[in-house]
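Below is one structure; the comments refer to it alone.
The values are calculated or read from the model by the stated rules, or taken from the named source; none is laboratory data. All figures in this text were calculated on a predicted structure; none of them were measured in a lab. For neighbour counting, all protein chains shown are included, and Cβ atoms are generated from backbone atoms with ideal geometry for every residue, glycine included.
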Amino acid sequence: MRNKIKTNKKNIVILGSGFCGLHAAKRLAKNLRGNTNYQIILVDRRDATVYNGELYEISSAYNKRITAACLRVLKECVSTSISQVLQGLEVIFVKDSVTGIDPKSKKVVLQTGGELPYEFLVLALGSVTNFYGIPGLEEHSYPMKTLEDALALNCHFDQFFQERWRASKEGGKSHQKVHIVVGGGGFTGVEFACELMGCIKKLARKYKFKTSEVSISIVQGSKEFVGLGETVSSYAYKRFKKLEIHPVTGGRIASYDGKIVSLSMGDGSKKDMPADILVWTGGIKPNPLLKSFEILDPSGAMEVHQNLESPHYPGVYAGGDAAAIFDPRTGNLVPKLALMAIPEGNLIADNIAARINGNPQKMFVPFLKGFLIPMGGKYFVYNKGRVTFGGFIPYIMRRIIDLYYYMSLLPAAAAFRKWKHTETIFIQND
């Protein structure tokens, strides 16, 4: 697609095809339809956009046999071709990796495509796993940030149980107990740990383990899980008890050598616990490419005005995990959630079009409809303010949101087919 870029036009370059970037590209194409002075260029190293909200399903999906075909099916469940999403829109997609950004000369440096000048730049680069420099964590743990992470974890679970089964069969001994530890008790950690139990029970039957020979623990530095208050945390504790997941609170992971997790407890003591597999869900940080800009917030995200434009770099907009956005009503940071990134991308598109057309820009005022937290199978918890309830109704609410997401990318019929296919695959693990 690189050969479609015209040198006589001004470039609006969008980096990242996640929730924010892709919706910014789609909206801009509609806003600037008929404008011959600008061209919209979307850059991503992948040729498909991924629904990260379902990665916990991918990592814990059970397969009778691990094959290239079954992994491809899982991948297709959460991936949508960018060319399919952009079909019929005046957006040039460049599949390439960004290696640098030069804000002074207003250029993006690509791995294979050279330099790409920009008039407007949209930073929608997302985030990466944060290991916080904890000794051994990056080398030995399994993160769950990307689709590749989730697929690798899925394969590793099956391979690990298979190896333990073969070792016990050849040695004529009983199975060694398997210890699985989830590091981090936020949204991702809780939803993954609860969903994992269904997969582990099937793997245990497949490789002739007793349920008692497998333990799942989840480690959280504070006493509360999820991060939405005591009430939501109490729902998590109830689910842990029902699913036989062991919560470990008040301790932070200090090191991991591939077999033992060392915890630093709140009272200053140390605690060691066995961990054959450690899944790290305990932190993210903005994409390191943002370091090309001299002025960022303490987390490494781009500071932006309420119109989502950088106060220090005119023409540079940011959204999603790449931006530090404050709610003007509360003064608090806007949560870095997928359903926030979509309206952020739309607003960025509207404001760039407004700048080009000489119209006033809009301010971003977040509207959060609440949180939906998966806690295993068809049990979800809904929370907004003082309203919290769990069960099947929040599960249906989440499924509707998933359908809305696909309909925001694809024509209605194609979106419904993809949604139905994905639900059919994932429900097998419930």
Inside the range 244-261, can you point out the residues that are part of a strand (DSSP E or B) and not aromatic (Phe, Trp, Tyr)? 245, 246, 247, 248, 249, 251, 252, 253, 254, 255, 260, 261
Expected single match for more than 27 Å from residue 12 (Cα to Cα), among the aromatic types (Phe, Trp, Tyr) and under 19 Å from the mean Cα position of the chain (by Cα) among 389, 371 is 371
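For (1) modelled with pLDDT of 95 or more; (2) in a loop (DSSP other than H, G, I, E, B); (3) touching a Gly at 6+ places or on another chain (Cβ under 7 Å), each residue gets a yes or a no:
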position	(1), (2), (3)
63	no, yes, no
73	no, no, no
76	no, no, no
105	yes, yes, no
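Any idea which of 131, 93, 120 is in contact with a helix residue (DSSP H, G or I) (Cβ under 8 Å, 6 or more places away or on another chain), closer than 18 Å to residue 153 by Cβ and either at pLDDT below 90 or not polar (S, T, N, Q) (or both)?
131
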If you go through the range 381-389 one residue at a time, do you hit one that is at pLDDT 95 or above and of a type in the set (Phe, Trp, Tyr)? yes
Just one listed residue, out of 255, 310, is closer than 26 Å to residue 152 by Cβ and at pLDDT 95 or above, and it is 255
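Just checking, does the range 145-166 include any residue being among the hydrophobic types (A, V, I, L, M, F, W, C), closer than 30 Å to residue 355 by Cα and out of contact with any Lys or Arg (no Cβ under 8 Å at 6 or more places or on another chain)? Walk me through it before giving the result.
Start the filter on the range 145-166 by keeping residues that are among the hydrophobic types (A, V, I, L, M, F, W, C), which leaves 147, 150-153, 155, 157, 160-161, 165.
If we keep only those that are closer than 30 Å to residue 355 by Cα as well, we get none.
Scanning the range 145-166, I find no residue that is among the hydrophobic types (A, V, I, L, M, F, W, C), closer than 30 Å to residue 355 by Cα and out of contact with any Lys or Arg (no Cβ under 8 Å at 6 or more places or on another chain), so the answer is no.
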Mind listing whichever residues of the range 310-347 are touching a helix residue (DSSP H, G or I) at 6+ places or on another chain (Cβ under 7 Å) and over 21 Å from residue 369 (Cα atoms)? 317, 322
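Answer with yes or no whether residue 405 is among the hydroxyl-bearing types (Ser, Thr, Tyr), modelled with pLDDT under 95, under 28 Å from residue 130 (Cα atoms) and surrounded by 18 or more Cβ atoms within 10 Å (Cβ to Cβ).
Working: among the hydroxyl-bearing types (Ser, Thr, Tyr): yes; modelled with pLDDT under 95: yes; under 28 Å from residue 130 (Cα atoms): yes; surrounded by 18 or more Cβ atoms within 10 Å (Cβ to Cβ): yes.
Taking the combined requirement at face value, the residue satisfies it.
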Count - residues of the range 33-49 that are surrounded by 21 or more Cβ atoms within 10 Å (Cβ to Cβ), in contact (Cβ under 8 Å) with a residue 60 or more places away in the chain and touching a helix residue (DSSP H, G or I) at 6+ places or on another chain (Cβ under 8 Å): 1
Output the residue which, of all residues in the range 204-235 that are in a helix (DSSP H, G or I) and over 27 Å from the mean Cα position of the chain (by Cα), is surrounded by the fewest Cβ atoms within 10 Å (Cβ to Cβ). 212
Identify, from the list 127, 141, the residue that is of a type outside the set (Lys, Arg) and touching a Pro at 6+ places or on another chain (Cβ under 7 Å). 127
Which strands (runs of 3 or more DSSP E) sit wholly inside the range 287-400 and have at least 3 residues that are in contact with a strand residue (DSSP E or B) (Cβ under 6 Å, 6 or more places away or on another chain) and surrounded by 15 or more Cβ atoms within 10 Å (Cβ to Cβ)? 316-318, 371-374, 380-384
